[in-house]
Amino acid sequence: MQHHGPMNSPLPPGEPLGAEHARLLDSPSHDAPWRLWGPYLSGRQWGTVREDYSAEGNAWSEFPFDQAVSRAYRWGEDGLGGISDRFGFLNFSVALWNGKDPILKERLFGLTNEEGNHGEDAKEYWWALDGTPTHSWMQWLYRYPQAEFPYEQLRRENRERTRDEREFELGDTGILDANEFFDVTMTYAKAGPDDMCIRVSATNHGPAAAPLHALPTVWLRNTWSWGVDDRVTELREIRRNGRPPRGYRAAEVTHGFLGRYVLAASGAPTALFCDNETNARHVFGDAALANHSLYPKDSINQRVVHGRRHAVNPGGYGSKCSFWYHWDSVAPGETVTVDLRLATGDPGLEWFGEPFEEVLGARRGEADEFYGHVIDASLDDADRHVARRAYAGLLWGKQLYRYDVRQWMVGDPVGPAVAESRKHGRNEHWKHLALADVISMPDEWEYPWFAAWDLAFHTIPLAHVDPEFAKEQLLLMCREWAMAPNGQLPAYEWEFGDVNPPVHAWAAWHVYRIDGYRDREFLTRVFTKLLLNFAWWVNRKDANGSNLFEGGFLGMDNIGLFNRSAPLPPGFRLEQSDATSWMAFYCQQMLKIALELARTDKAWDDVATKFLEHFLSIAQAMRHFGSSDKSLWHEEDGFYYDVLVQPDGRAPHMRVRSMVGLLPILGATEIPSWVVEECPDVTSRFQWLQERRPELVKPLLARDDGKMLLTLVPPKRLRRILERMFDSEEFLSPYGIRSLSAATRQAVTATLGGETVSIEYEPGESRTGMFGGNSNWRGPVWFPTNVLLADKLRTYGRYFGDDFRIEIPTGSGDWRTLDQAADVIDGGLTALFRPVDGRRPSDGKRIESSADPLWSEHPTFSEFFDGDTGEGLGATHQTGWTALVAHLLNPRLPPDPRTMGWA
């Protein structure tokens, strides 16, 4: 097998690829056999909008954690480090019991938005250890306490804390202090596309022997209880002459779509069967309700935890099956292991033993070989470890997402009547959306639903390991069953109509680049659909045709003085610096793609012209809009601000220095010299503008050697913005660029419609409940915006060269090039994961900062980071966009090898 194109650091032509690369080349599409099975089982299905059928639309209270053990899901399933087929018909996971908990540990626990002092929050410890893109090899670790899990203590302590206090975590309870826990590792190795070797191993790290129950579980998603599919499929225990086979236990299922599968479990565990049906009497507290099954979903829990022998089906069949292993005493340091195999063939002892070990060994070796190509050999062991864990988190974050909004809104044929309020509430304008796809999630527990702008950033590191999947994700958001007919991209299930930053084109370009500038079909497909999205932005978010934009939410939840998604008082209009900057950025990315496509298809030449002219109009509006004295630029402060246009025509600046005012930097794109000859329409139109509208062409800078730069920010303004950005008293932290200037430690206040609003620097967790209170853009460092800023500084640096230098930090006397300035940002981000005196800054004061290798070997990929200390905050498995650290750690790709025209 020969190398057919680059992954991250491109391999020399002709270098042979390993087995995993070969599988990838044979699996270009989502329906390839090697992609049928993967970690597609969600980390959390309860508390999601999909499962919310309430009139009030409160997803957290409609389907809480406590009901998940007994209530069947409508749209998906969840579990601990589990797998499923890509349609979610058949699922596998493990349940655990320490002999003390009130319920089996079948899923991760966390607080709802109302229970946490900073919104929803997982209260467990788990890590994605490893994985390959075809899921031929995967490992996942869960840390299970030996003491009774403190469900109520975690709820109570966090409920009693204010937003000014730290969150109360599982590690704060003290039950893990003496390492009194089991590390439970799930290992998956595919012997073939539909043959999975599974190992569940548990190590006692505590000082004393402890009991453990492990229940590897296979079950069918309930598709039959809703009146849309009456086919009921069952798992049945395999017996020989009425007896279980010698040396293993097994259950088989013949599914109408998947065909026949067998799960075989080594040894002699007890096979327990029940049905994936709701225990209505228990869930809804009404003894008069009839259960559809004598053995509902929680029956195995009843059998193991409460000892009720008659709770499970004695006939050995049902839609849910667990193999029950029990160790009365696992010694300190001892590891107990269970081997299973999920496959289509006939089971036998030959499924285990040496053949099983050979598969595990081969796949582990192939994973090492694969990452030997993907991760540059020049990285030290610590950086390689972080990068590989980041890729593992990304790959484990691939989850099946099923949601048909129309079906959800009208309700099911079988079930309670749908409240009228639901038909005119959440997502009422998104009835076309019908997804049943494997999608990269922001965080497997806190955000087990896609978010369009997060997803765009995911595709950059994903393209290092699986460019086809990265491209598929970008195209999926543009398909007819996702994108709205008017061109809007869906935001996230809580409100698909919210507006997120338009970063799709930027991501598509970078994926195209990482993949070797070779897949023009992909680039054409995504560009064509994004033309619709661009038109939506122009038609809906430019209220008065001024080329200034009022984007609203725009991803950065609480960054403004007030909720920018909420309606303003009559007669007021907010001209947003970031919305306008995002559109200029979007326009430039579309221009870049159009120029690239025009090199081989001149039909795109005049499309490129359209984006050039549109950008020039936006740039002019940024300088002056309305009457000639109004501008988003504040000359005295040397910064861009939002402007609040009032009914009397006054337009004061909202003088809050935040990421909003840094984003104009994103409006910078190189124009290669070949454009003059290869894109005649662009060239002639620009010449016409130079002659007839010279005021418009100011943003295009040109050097004597033919290099050109299209920029929203003139060089003098760029210097002034960067003085602020690299001032350690304002934006520059040791770990990147803060989202709000630290100079705002003294609150900024304003009056709007008779109401006084304020904002102040909050480097850590949010102290307000705006947008749920579980994220914070008022000071912390965020990966996505930092990566974009560094990317654009390099663009400026390639044009201005080494003569353009800035002081970093401001006032230090240390002058650096713009490329070096970008390195400062990237270096700050990577420093979050590089130990200082044995501890990573991102681990902060949490238990993960322990010097004990049991904790220190596991980096946490947090959602955002404290603007002063670097401590990771928010969601704890945001790989996700924090996996961009792998993109930063690996050396950058060289320029376009064909022409050196793009960078």
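Out of Trp34, Trp46, I need the residue that is under 11 Å from Pro448 (Cβ atoms), in contact with a helix residue (DSSP H, G or I) (Cβ under 9 Å, 6 or more places away or on another chain) and not aliphatic (A, V, I, L, M). Which one?
After applying the criteria, what remains is Trp46.
Can you pull out every residue in region 875-893 that is part of a loop (DSSP other than H, G, I, E, B), in contact with a Pro (Cβ under 8 Å, 6 or more places away or on another chain) and either at pLDDT 90 or above or not aliphatic (A, V, I, L, M) (or both)?
Ala875, Gln878, Gly880
Select from region 339-356 the residues that are assigned to a helix (DSSP H, G or I) and in contact with a strand residue (DSSP E or B) (Cβ under 9 Å, 6 or more places away or on another chain) and write down the one among them that is surrounded by the most Cβ atoms within 10 Å (Cβ to Cβ).
My answer is Trp351.
For Ala377, only one of the following conditions fails: (1) out of contact with any Leu (no Cβ under 9 Å at 6 or more places or on another chain); (2) at pLDDT 95 or above. What is its number?
Every condition holds for Ala377 apart from (2).
In this structure, does Asp376 turn out to be more than 30 Å from Arg240 (Cα to Cα) and in contact with a Pro (Cβ under 6 Å, 6 or more places away or on another chain)?
Criteria met by Asp376.
Scan region 424-435 and give yes if some residue there is more than 28 Å from Phe783 (Cα to Cα), in a helix (DSSP H, G or I), in contact (Cβ under 8 Å) with a residue 60 or more places away in the chain and among the polar types (S, T, N, Q), otherwise no.
The answer is no, given that none of the residues of region 424-435 is more than 28 Å from Phe783 (Cα to Cα), in a helix (DSSP H, G or I), in contact (Cβ under 8 Å) with a residue 60 or more places away in the chain and among the polar types (S, T, N, Q).
Return yes when Ala68 is farther than 26 Å from Asn279 by Cα, buried (at least 23 other Cβ atoms within 10 Å of the Cβ), modelled with pLDDT of 95 or more and among the aliphatic types (A, V, I, L, M) and no when it is not.
no
Is at least one residue of region 459-469 surrounded by fewer than 22 Cβ atoms within 10 Å (Cβ to Cβ), in a loop (DSSP other than H, G, I, E, B) and in contact (Cβ under 8 Å) with a residue 60 or more places away in the chain?
No; the residues of region 459-469 include none that is surrounded by fewer than 22 Cβ atoms within 10 Å (Cβ to Cβ), in a loop (DSSP other than H, G, I, E, B) and in contact (Cβ under 8 Å) with a residue 60 or more places away in the chain.
Tell me yes or no: at least one residue of region 584-599 is crowded, with 23+ Cβ neighbours inside 10 Å, within 23 Å of Arg724 (Cβ to Cβ) and of a type in the set (A, V, I, L, M, F, W, C).
Scanning region 584-599 turns up at least one residue that is crowded, with 23+ Cβ neighbours inside 10 Å, within 23 Å of Arg724 (Cβ to Cβ) and of a type in the set (A, V, I, L, M, F, W, C).
Which one is nearest to Ala128 (Cα to Cα) among residues in region 853-892 that are in contact with a Ser or Thr (Cβ under 7 Å, 6 or more places away or on another chain) and acidic (Asp, Glu)?
Glu863
Yes or no, residue by residue, for (1) assigned to a strand (DSSP E or B); (2) over 22 Å from Val94 (Cα atoms); (3) among the aliphatic types (A, V, I, L, M):
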| residue | (1), (2), (3) |
| --- | --- |
| Leu141 | yes, no, yes |
| Arg156 | no, yes, no |
| Leu176 | no, no, yes |
| Val184 | yes, no, yes |
| Cys197 | yes, no, no |
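Of all residues in region 116-138, which are modelled with pLDDT of 95 or more and farther than 17 Å from Phe861 by Cα?
Thr132, Pro133, Thr134, His135, Ser136, Trp137, Met138
Which condition does Pro269 not pass, out of (1) touching a residue at least 12 places away in the same chain (Cβ under 8 Å); (2) out of contact with any strand residue (DSSP E or B) (no Cβ under 7 Å at 6 or more places or on another chain); (3) surrounded by fewer than 21 Cβ atoms within 10 Å (Cβ to Cβ), if it passes all the others?
In the conditions (1) touching a residue at least 12 places away in the same chain (Cβ under 8 Å); (2) out of contact with any strand residue (DSSP E or B) (no Cβ under 7 Å at 6 or more places or on another chain); (3) surrounded by fewer than 21 Cβ atoms within 10 Å (Cβ to Cβ), Pro269 misses (2) alone.
Within region 281-310, how many residues are crowded, with 20+ Cβ neighbours inside 10 Å and assigned to a helix (DSSP H, G or I)?
Qualifying residue count, region 281-310: 7.
Out of the residues in region 739-768 that are surrounded by fewer than 14 Cβ atoms within 10 Å (Cβ to Cβ) and not polar (S, T, N, Q), which is modelled with the lowest pLDDT?
Only one residue fits best here, namely Gly753.
Can you spot a residue in region 654-667 that is touching a Gly at 6+ places or on another chain (Cβ under 9 Å), buried (at least 17 other Cβ atoms within 10 Å of the Cβ) and farther than 12 Å from Ser577 by Cα?
no
The rows are residues; the columns are (1) in the same structural domain as Gln67 (by TED's automatic domain parsing); (2) among the charged types (D, E, K, R); (3) closer than 29 Å to Glu180 by Cα.
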| residue | (1), (2), (3) |
| --- | --- |
| Ser293 | yes, no, no |
| Lys297 | yes, yes, no |
| Ile300 | yes, no, yes |
| His306 | yes, no, yes |
| His310 | yes, no, no |
| Asn313 | yes, no, no |
| Gly318 | yes, no, no |
| His326 | yes, no, yes |
| Pro332 | yes, no, yes |
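If we scan region 188-196, do we find a residue that is more than 30 Å from Pro33 (Cβ to Cβ) and either of a type outside the set (Ser, Thr, Tyr) or surrounded by 23 or more Cβ atoms within 10 Å (Cβ to Cβ) (or both)?
no
Got at least one residue in region 366-381 being of a type outside the set (Gly, Ala, Ser), outside any helix (DSSP H, G or I), surrounded by fewer than 21 Cβ atoms within 10 Å (Cβ to Cβ) and free of Cβ contacts under 8 Å to residues at least 60 places away in the same chain?
Within region 366-381 (the criterion being of a type outside the set (Gly, Ala, Ser), outside any helix (DSSP H, G or I), surrounded by fewer than 21 Cβ atoms within 10 Å (Cβ to Cβ) and free of Cβ contacts under 8 Å to residues at least 60 places away in the same chain), the answer is yes, since at least one residue qualifies.
Which numbered condition in (1) assigned to a loop (DSSP other than H, G, I, E, B); (2) touching an Asp or Glu at 6+ places or on another chain (Cβ under 7 Å) is the only one that Ser27 fails?
Only one criterion is unmet by Ser27, namely (2).
Taking the stated definitions as given, is Asp381 of a type outside the set (A, V, I, L, M, F, W, C) and out of contact with any strand residue (DSSP E or B) (no Cβ under 8 Å at 6 or more places or on another chain)?
Answer is yes for this residue.
Yes/no matrix, rows are residues, columns are (1) more than 26 Å from Gly827 (Cα to Cα); (2) among the aromatic types (Phe, Trp, Tyr); (3) touching a residue at least 40 places away in the same chain (Cβ under 8 Å):
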{"site": "Met654", "(1), (2), (3)": "yes, no, yes"}
{"site": "Arg657", "(1), (2), (3)": "no, no, yes"}
{"site": "Leu696", "(1), (2), (3)": "yes, no, yes"}
{"site": "Ala702", "(1), (2), (3)": "yes, no, no"}
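Just to be sure before I move on: is Glu670 acidic (Asp, Glu) and buried (at least 18 other Cβ atoms within 10 Å of the Cβ) in the structure I sent?
Considered against the rule, which asks whether it is acidic (Asp, Glu) and buried (at least 18 other Cβ atoms within 10 Å of the Cβ), Glu670 comes out as yes.
Mind listing whichever residues of region 200-212 are surrounded by fewer than 20 Cβ atoms within 10 Å (Cβ to Cβ) and assigned to a strand (DSSP E or B)?
Ser201, Thr203, Pro211
Just checking: which of the strands (runs of 3 or more DSSP E) contained wholly in region 616-731 hold 3 or more residues that are more than 34 Å from the chain's Cα centre (by Cα) and of a type in the set (A, V, I, L, M, F, W, C)?
700-702
Just to confirm my filter: which strands (runs of 3 or more DSSP E) fall fully inside region 742-839 and include at least 2 residues that are without any contact (Cβ under 8 Å) to a residue 24 or more places away in the chain and closer than 19 Å to Gly867 by Cα?
Qualifying strands (runs of 3 or more DSSP E): none found.
Can Val336 be described as part of a helix (DSSP H, G or I), in the same structural domain as Leu212 (by TED's automatic domain parsing) and either in contact with a helix residue (DSSP H, G or I) (Cβ under 8 Å, 6 or more places away or on another chain) or not charged (D, E, K, R) (or both)?
no
The values are calculated or read from the model by the stated rules, or taken from the named source; none is laboratory data. This structure is a prediction, so every number in the text was calculated from the model and none was measured. Don't worry about glycine lacking a Cβ; one is built from the backbone with ideal geometry, like all the others, and counts go over all protein chains shown.
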